Amino acid sequence: MKRIFALSLTAVLLLSSAVFAEDFDFESLFGDDLFMEIEESTSTTAVEDALLVNEGIEVGGQYHFNVNGSRTYMESLDPSDAFSANLGGQIFLDARPNPDFRVFAKTSLNYNTNFSEDQQEEQDKDPKQVSLRLTELFSDFHHNNQVYFRAGKQNVNWGVGYFFSPADVINVGRIDPTDPDADREGPVALKAHYPMASNNYYLYLLFDGVEKFSDLAVAPKLEYVMGKSEIGLGGFYQTDKVPRVMATISSTVGSFSVFGEGVVSFGSDKSFVEETVPSQENPFGYKLVERDDTIFQVTVGGRRSYTDPDGRFNFSGALQYFYNGEGYTDQEMLKDFRLNEMALGYFFGQKQLSLSDFSFTGRHYVGAMVGWSDMFNSKLSTSALWLANLSDGSGQLTASLSLPALSSIKPSVGVTRSYGEEGTEFGLLGPTTTVFAKVTIGSGSF
């Protein structure tokens, strides 16, 4: 008899234990076909390979529609109102015709209608704003199941910071500290990944802005696991940009997740404003300079989540400090420059200074977040976010409350307070307070 005999015997024992009548005719139940020979499968497809093959194309994404209204209060000025509706979403296509090849694509579409009293004339000209953006398009393949490749536009997990990530030197987009969980735009790249035990070795070739072979950027990265910690080491080199080396660490200390990043750059890709003597050629008294010194950037932080056994206290929090070596030491000069509209118009109008050159102008930053979801097992959730430029004494504090949903209608309210002297990063025009309300309608994933 073949292996089916053992299975049949097990079935007999199970059925026998459930039979209480002494005259139960077991043979009449099965007839003459109790024992049958079953041919063993001749398929050679491995289970893991079958799981990696999609029949057709998998489609999914998310949809959102929300309406926002706000009122902003500033000293010595009348309140200003704003109203906007945002409609959009993302859709992805995932195809894996065989275990050795995969293609993935994701696009985002957004339709915005803004009604701002301060920009009414501009909105009257073009009140509707539609944007369609390709966020990812890549293929995955491998060589002998040893080296794994990803080619195309792709999101890259390079840094470990939450609010700030100076070590993320290759993504096109940067973390938005007011929305740190949002996706960042990745580069067009070829990634080679060689795993060895619990360690990983990566090599990226970056193609954004490449017009000739010498424009290619190279970014190697190593990841080592040591106990509960993971250490990353990497670098970035491109002919027309400053080279950088970076290190990251992520670990746990008790119930806290902790992380840190360090970056050394040999110069800066930004332009910097410096005071000079006004002249006929330069009546504003400012000039642009470049930096070719060694610049350090360091950040450390931690995250923590807690839920009590009864589910009444669902807390989450994060705290991070960022030392920005690219920041200005003379914050007073910087405040004067921001307030000089003619100088701003001159530099920006002549395209000598970009907005990226004028972001993160302080040396010391801090970000903190705390959230409490399903408060006391209710349908209320609240959160607070604090971002501050410690160098110029400015910052922004936002608190929000999510109210109970009515079917698929989810309202929330909140307030944002920006503080700091005029000309500072967060208090450009002085302290402001904005009260806002948001209603999300019929949004979700599919």
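So what's the projected area for region 204-343, the Cα convex hull averaged over all directions, in nm²?
Projected over every direction and averaged, the Cα hull of region 204-343 covers 14.3 nm².
Order His64, His364, most accessible first, counting only protein heavy atoms with a 1.4 angstrom probe.
His364, His64
In nm, what is the difference between 0.36 nm times the number of residues separating Leu429 and Phe313 and their Cα-Cα distance?
37.9 nm
Only Cα pairs under 8 Å and at least 6 apart count here; give the relative contact order of region 168-273 as a rounded whole percent. Don't skip to the answer; put the middle values down first.
Values: 193 pairs, mean separation 16.1, N = 106.
Reported relative contact order: 15 percent.
For labels at Glu274 and Phe376 in the simple 7 Å Cα→Cβ model, what's the distance in nm?
6.0 nm
Leu203: accessible area at probe 1.4 Å, nearest 10 Å²?
Here the residue's solvent-accessible area equals roughly 80 Å².
How much FRET efficiency would the formula 1/(1 + (r/R0)^6) give for Arg71 and Leu205, where r is the Cβ-Cβ distance and R0 is 35 Å, rounded to 0.05? Display every interim value, and only then the final one.
Details: r = 50 Å, r/R0 = 1.42.
Computed FRET efficiency for Arg71 and Leu205: 0.10.
For Ser198 and Asn98, compute 0.36 nm times the residue count separating them, minus their Cα-Cα distance, and round to one decimal in nm.
Full-extension gain reported as 33.4 nm.
Grab the Cα-Cα distance for Asp336 and Leu109, subtract it from 0.36 nm times how many residues apart they are, and report the gain in nm with one decimal. Don't jump to the answer; show the numbers that get you there.
Working: separation 227, 0.36 × 227 = 81.72 nm, distance 3.95 nm.
Contour length minus Cα-Cα distance gives 77.8 nm.
Could you pull out every residue, at least 5 positions away or on a different chain, whose amide H is within less than 5 Å of the one on Thr135? Hs are placed 1.01 Å off N in the peptide plane, and Pro or chain starts have none.
Result for Thr135 returns Lys106, Thr107, Ser108.
What distance in nm separates the two pseudo spin-label positions at Tyr148 and Leu397, each 7 Å out from Cα along the beta-carbon direction?
Placing both labels 7 Å beyond Cα along the Cβ direction yields 4.5 nm.
What distance in nm separates the simple spin-label points at Ser407 and Ile231, each placed 7 Å from Cα in the Cβ direction?
Calculated label separation equals 5.8 nm.
The values are calculated or read from the model by the stated rules, or taken from the named source; none is laboratory data. For clarity, every value in this text was computed on a predicted model and none was experimentally measured. Glycine gets a Cβ as well: all are built from the backbone with ideal geometry, and neighbour counts include every protein chain shown. Quick note on the areas: whole protein, heavy atoms, side chains included, nothing else; ligands and nucleic acids left out. Shrake-Rupley method; radii C 1.70, N 1.55, O 1.52, S 1.80 Å.
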